[in-house]
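The values are calculated or read from the model by the stated rules, or taken from the named source; none is laboratory data. Not measured: the values here are computed from a predicted model. Cβ placement follows ideal geometry from the backbone for every residue including glycine, while neighbour counts extend to all protein chains displayed.
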Amino acid sequence: MVLNTVEVRFGSVCHKIYLADDLIEQAGRILQRYNFERHALIVTDSRVGGIYSGILEGSLSGARYRVDVAELPGRTAENLDEATRIVVDKANACAFKPGGAIVALGGSTITRVVRSCIATHFKEAFFVKVPTTLFDQVDSSAMRSEIAPRVVLIDFTTLETLPGRELSNGMAEVIKYGVLRDKYFCEFLQENAGAIKRQDHEMLKRIVTRACEIEAAIFQEFPDLRDAERILRFGCAIAEAVQRSDESGQYKYGDALAIAMARLVQIGERIGITPPDVRAKVHRVLKTFDLPIVAGGIDRSRIMSALTDILPVHESEAAGGPAVSLMVPRAMGKVEFVPDIPLTVIEASLAE
C-alpha cells in the first residue's frame, strides 16, 4: 500500500490526512498512532454502511478497539435533529466514553451529523473522518468548522462505488480549488476531462490529492483561521442561496457551487476585476464536467432574497446603495476580497 499524507496546520494545531487505496482496511493500524480511549463509534447511513462499515469495524476490532455502529436508516441523516438523537441514544446505550473516537463514515451529510453530536454532547471525542464521496474527500479537512476532524482517512477505492452524478457534484469542489490557487490545476482538469469522467482510478487519486494539498497550503498561507475561511468559502453564500431557493430540489450542492462560481466571474467582470478570459475559462471547465452555470427554473428574486438573509447588507457610497462583500477571481488561481459589491450587479449577473 502506497500511503500519502497531507498535513493541515493552523497555529499550533495539526490535522493529518491519509490517502491510499484500501485504507479502510488499515484504519485500526493507523489510528493506533493516536492517543484516545479505545472505543470507537462509527456513524454511517444504511447505503454506505452496507458496503464499508463491516470492513471498518473489522479493522478497528483487529487493532483491539471496542467498536459500535450507529447506522442511520434511509434518508434519516438529512434530518439533523433526528439523526443526532439516534446517534446520541446509541452512544449512551453502548456507554461511549467522552474521550473515545467518533468516526464519520460517509459523505458530507454524515460529517454534519457527527459535528452536531460532538458539539452538543461529546466535546472531548476524537473526531475521525472517513469520506466516501468525491466532494467530501476533496473537502477533506473540514477546518472551516469549529468541530474539525483530527484524522481524515481517504480510501480511494470508495470512489469505485460512486454514482455518476456524485462525480460531477464532487468536481465542482475540485474545480474551486483550481480557481482559488492553481491555474495549472484547472488546465490539467480540462486536458484530462475524458479520463476523469470515465472515473479512471489513478486520475481520481491525483485530483483528490492535489485538492487536499491546495487546501493545506491555504491554511499555511493564512495563519489566522478567519482569513483562510474567507478564501475557502468562495462561492458558498451564493450556492447556499441557490439551494434555499430551489423548491424542486433539482440542484445538488455541487451544482449550486458551480452556478455560484459562474456568477462570481460574471460579477467580477462587471465590476472590472475579473478579466473576460478568466470568466470564459471558468465557464468552459464547468461545462466540461456537465455542471450548470445558470440557475435555470429559479426566480432570481428568490435567490436575492435568500442571499441577503445569508450575507450582511450594508449601505455603500462606493457602490451607490446596498452592497455585500464577496470573494471574486482576479485571475485563474487568485481570488480577491471585494467589500462593496452592489446588489444590483449581483442580481443582473443572475440573469446572464
Quiz item: Within the stretch 1-49, how many residues are assigned to a helix (DSSP H, G or I), of a type outside the set (A, V, I, L, M, F, W, C) and under 23 Å from the mean Cα position of the chain (by Cα)?
Solution: 3
Practice problem: Please enumerate the residues belonging to the stretch 176-207 that are farther than 24 Å from Glu7 by Cβ, touching a residue at least 40 places away in the same chain (Cβ under 8 Å) and not in a helix (DSSP H, G or I). | Solution: Gln199
Quiz item: Does Ile154 fit the bill of being modelled with pLDDT under 95, under 27 Å from Glu213 (Cα atoms) and under 19 Å from the mean Cα position of the chain (by Cα)?
Solution: no
Exercise. Please work out if Arg210 is without any contact (Cβ under 8 Å) to a residue 40 or more places away in the chain and surrounded by fewer than 18 Cβ atoms within 10 Å (Cβ to Cβ).
Key: no
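Filter the stretch 50-67 down to the residues that are over 24 Å from the mean Cα position of the chain (by Cα) and surrounded by fewer than 18 Cβ atoms within 10 Å (Cβ to Cβ) and list them by number.
Start the filter on the stretch 50-67 by keeping residues that are over 24 Å from the mean Cα position of the chain (by Cα), which leaves 54-55, 57-67.
Correct list: Gly54, Ile55, Gly58, Ser61, Gly62, Ala63, Arg64, Arg66.
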Quiz item: Could we say that Val328 is in contact with a helix residue (DSSP H, G or I) (Cβ under 7 Å, 6 or more places away or on another chain) and within 21 Å of Ile231 (Cβ to Cβ) here?
Solution: yes
Exercise. Spot the failing condition for Lys90; the list is (1) within 21 Å of Gly54 (Cα to Cα); (2) buried (at least 23 other Cβ atoms within 10 Å of the Cβ); (3) touching a strand residue (DSSP E or B) at 6+ places or on another chain (Cβ under 6 Å), and only one is missed.
Key: (2)
Quiz item: Within the stretch 246-268, is even one residue over 22 Å from Arg300 (Cα atoms), at pLDDT below 95 and basic (Lys, Arg)?
Solution: no
